[in-house]
Amino acid sequence: MAQKQSQKTKKPRSGFWILLVAAIVLEAISCIQYFYSRSIIESEAENHAKSELKAAELEINVVTTEMEAAVKMLSTIAERYLDKPEAMYLCTRFLLETLDNVESAGIAFVPNYFPKQGRWFEVCSSRYTEETFEGDGKGFEMVGNGIYTRQIGGADHDYLSSEWFGNGMTIDSCWWCEPYLDDAGAQKMVVSCSYPIHDHEGKVVAVALVDLSLQRLTNISQYLQVFKDSYFSIQSSTGVDIVERPDTASGRKYKIYDEEIDATGWHISIIIPEDVLYAQLKHVGMIVTLLMLLGMLLLVFILYRAGRDIRNLMSMNRQKERISRELEIAKNIQTAMLPKTFPPYHNRQDLSMYGLILPAKEVGGDLYDFFERDEKLFFCVGDVSGKGVPASLVMAMTRSLFRSFSVHEHDVAALTMQINNAMSETNEQNMFVTLFIGIMDLQTGQLSYCNAGHNAPVLIQHSWQTDCPSGSSVEMLPTIPNLPLGILSGYAYTPQTTTIQRGDTLFLYTDGLTEAENSNKELFGEARMLDALRTFEAAQNNPMDPQKAQQEIEYVLQSVHDFVGEAEQSDDLTMLVIKRLTIDGEQKEDNHPLKHSIVMRNDIQQIPTLAEWIESLNIPVALNMTINLALEEAVTNVMLYAYPNENGKVLIEAEKSERMITFIISDNGIPFDPTQRPEADITLTAEERSIGGLGIHLVRQIMDEIHYERKDNRNILTLVKKL
């Protein structure tokens with residue numbers, strides 16, 4: 001009996017321990033779920049906030065860059081009329097009439113610069129809306145387009161002691177001041193960007209100023225809403241609020257995510273209250289706890305399995321939603337960055353352009369970009385290694401670097417090197433970019449270009465330039481394959497030049513075109529691409545048609561679609577067509593030979609680069625080696641004798657026609673005429689013959705003509721070889 005009772009008492013005890021263990025396990029699972037979910041929410045909030053901050057940074061960079069360009073333009077205009085004080089009113093008014101986003105513009109001079117104007121002379125133009133202002137006796141002038149102009153300097157507005165004036169006089173660049181209430185100019189809270197104005201002797205005599213309304217920066221926060229009740233703020237480099245943030249010392253806890261804007265040193269932040277961030281998590285936790293207490297006795301195992309499945313499903317849905325939102329944001333940002341308005345320049349009759357990008361995924365790594373500055377067209381086409389979001393981020397950085405550096409750089413090799421150095425310093429993921437960069441003079445057609453490992457473009461010329469009986473010459477543009485960007489910092493890129501005649505077309509693309517695959521894994525290839533371009537050109541009656549650029553891309557794209565069929569697109573595909581047109585009344589250009597060039601330092605180690613360049617000229621194979629030998633001897637002579645004790649550069653230009661090829665080697669070293677060296681006596685033995693002379697002897701034997709002249713302090717050696 002005692003043994004049976006003992007067995008009966010063990011059953012409930014065993015059940016108790018099972019339930020206790022189950023309760024502990026469920027409680028542990030609940031805790032793990034809480035902290036894991038908290039981690040996911042924080043990670044999601046951070047990623048989303050960073051994406052929004054990047055978008056805001058791009059928008060603010062656009063605004064600040066526009067303001068800096070405006071104040072520089074105002075400074076440049078004012079420097080032309082420093083002897084006319086009344087012209088300053090027109091300068092500031094002209095800026096506001098030209099640029100709608102400038103709130104107020106002013107020009108403030110050093111004391112007594114214009115004696116008749118007195119000690120203080122600050123001209124200011126501002127916008128007005130509803131209020132009507134009356135003159136104050138200081139040069140006020142109202143115009144009908146919402147702008148009023150007047151002289152605001154005086155004892156009651158002593159700008160000489162202001163922060164923006166002092167820094168504008170001493171800092172030779174754009175300078176952003178702290179936010180302040182501009183009660184004399186814009187009549188609202190602003191931040192100002194100042195820039196010095198120099199007289200003809202280079203002395204700073206005044207400061208140009210443009211005002212940016214804080215309301216415009218505040219408007220950026222309208223679409224930055226990561227969570228409900230989140231806040232957006234902007235602080236200056238010294239911590240002063242430009243867009244005010246909430247009081248974080250009130251006892252309420254916040255998550256703060258911020259980003260620094262390199263151009264101004266400002267910090268933009270997204271601030272999320274923690275109670276809002278974790279509200280859903282707390283609510284879910286309470287429900288899970290209640291279900292655990294009610295169902296633990298009967299449905300511990302079932303609830304555990306069901307809860308696990310539900311949690312997994314929720315986690316997957318959140319992850320999918322997050323990825324979908326991020327991809328949508330990335331796609332919108334990427335699309336907004338690239339030029340998408342064609343024709344891009346309605347005021348230019350001499351240029352026709354069209355570009356197209358077809359990403360293989362939601363976002364891609366291909367890019368093209370272009371802009372016009374100083375009658376020059378800056379353009380690029382590139383391809384980032386990899387696909388998807390990482391490639392799109394590198395693409396955005398590449399495009400931003402191209403825009404930033406090309407604003408002040410005219411040398412295509414230096415521009416390429418600067419972009420490469422910037423990308424190499426931050427390339428932790430070892431991603432690289434192939435990029436073709438070109439700078440075309442829109443007046444002369446002179447094209448300077450540099451190829452960083454990208455596909456060579458196609459140059460399409462017409463019969464009056466090439467004597468081609470079929471109507472058009474469609475050939476690959478000779479390029480030197482430099483290293484792609486982001487691989488080696490400090491790499492010296494080799495530039496090249498050619499001339500784009502009126503009627504010529506430059507067709508640029510990425511390898512997504514030539515490597516498009518059909519269902520049989522066959523590639524579209526360069527041959528099919530060139531055939532498609534030749535077929536299109538042969539069907540055109542008017543090579544000067546401005547619509548031809550778009551039609552050409554559409555024709556090639558249709559050829560790719562016909563070849564690929566139903567096969568899935570495997571890579572991003574990008575095309576850009578640049579066509580130089582004839583201006584009305586302008587005669588067609590004469591037949592000119594193709595011109596190419598290369599610049600080398602006086603370093604013998606660079607001689608191997610010469611062979612690659614000569615090979616890119618498509619010289620007949622039978623002559624390639626001998627011409628290369630002669631040119632190496634001539635260039636080596638220049639390096640040794642023109643710059644014996646200093647560094648210098650050697651320019652080698654090639655002009656190729658059907659009948660001959662001409663090489664022009666020039667330098668600004670000491671005078672040296674190699675043609676005056678006596679003929680080498682090759683009948684003598686090596687011991688009897690004096691050192692030197694064999695190199696120029698070899699050049700004379702290979703080339704048909706050789707000439708030397710000293711012009712404009714430069715040595716110019718001309719070598720001609722008949723083809």
If you take the Cα Rg of the range 505-559 and divide it by 2.2 N^0.38 Å, with N the number of residues, what do you get? 1.21
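Using a 10 Å cut-off on Cβ atoms, rank the peptides 558-564, 110-116 from the highest mean neighbour count down. Don't skip to the answer; put the middle values down first.
Working: 558-564: 15.3, 110-116: 11.7.
Result, highest mean first: 558-564, 110-116.
In debye, nearest 20: dipole of the range 305-409 around its Cα centre with unit charges on the Cβ of K, R (+) and D, E (-)?
840 debye
Go through Ile664, Ile32 and list them by solvent-accessible area, largest first, probe radius 1.4 Å. Working shown, then result.
Values: Ile664 40, Ile32 115 Å².
Result of the area sort, largest leading: Ile32, Ile664.
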Counting Lys +1, Arg +1, Asp -1, Glu -1, what net charge surrounds Arg373 among other residues with beta carbon under 12 Å of its beta carbon? -3
Net charge within 10 Å of Ala516 by Cβ-Cβ distance, Lys/Arg positive one each and Asp/Glu negative one each, not counting Ala516 itself? -4
Counting only residues 5 or more apart in sequence or on a different chain, those whose built amide H sits under 5 Å from that of Gly154 are Tyr159
Looking only at aspartates and glutamates whose Cα falls under 14 Å of Lys387's and that sit 8 or more positions away or on another chain, we get Glu362, Asp366, Asp511, Asp571, Asp572
Probe 1.4 Å, all chains present, heavy atoms only: Thr65 accessible area in Å², nearest 10, is 80 Å²
Using θ = phi - 60° and Karplus 6.51 cos²θ - 1.76 cosθ + 1.60, couplings along the range 61-67 (whole Hz; Gly, Pro as x): 4, 4, 5, 5, 4, 5, 5
Charge context of Ile619, other residues only, Cβ under 11 angstrom, K/R +1, D/E -1: +1
Radius of gyration, Dmax [the range 360-450; alpha carbons; angstrom]: 13.5, 42
Sort the range 412-459 into rounded, prolate or oblate with this rule: let a ≥ b ≥ c be the square roots of the eigenvalues of the Cα gyration tensor; rounded if a/c is under 1.5, and if a/c is not under 1.5, prolate when a/b is larger than b/c, oblate otherwise. oblate
Taking the Cα centre of each part, how many Å lie between the range 364-390 and the range 485-526? 12 Å
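The values are calculated or read from the model by the stated rules, or taken from the named source; none is laboratory data. Remember, predicted model here, so these are calculated numbers, not experimental data. Neighbour counts run over all protein chains shown; Cβ positions are idealised from the backbone, glycine included. Accessible surface areas use protein heavy atoms only, side chains included; no ligands, DNA or RNA. Shrake-Rupley method; radii C 1.70, N 1.55, O 1.52, S 1.80 Å.
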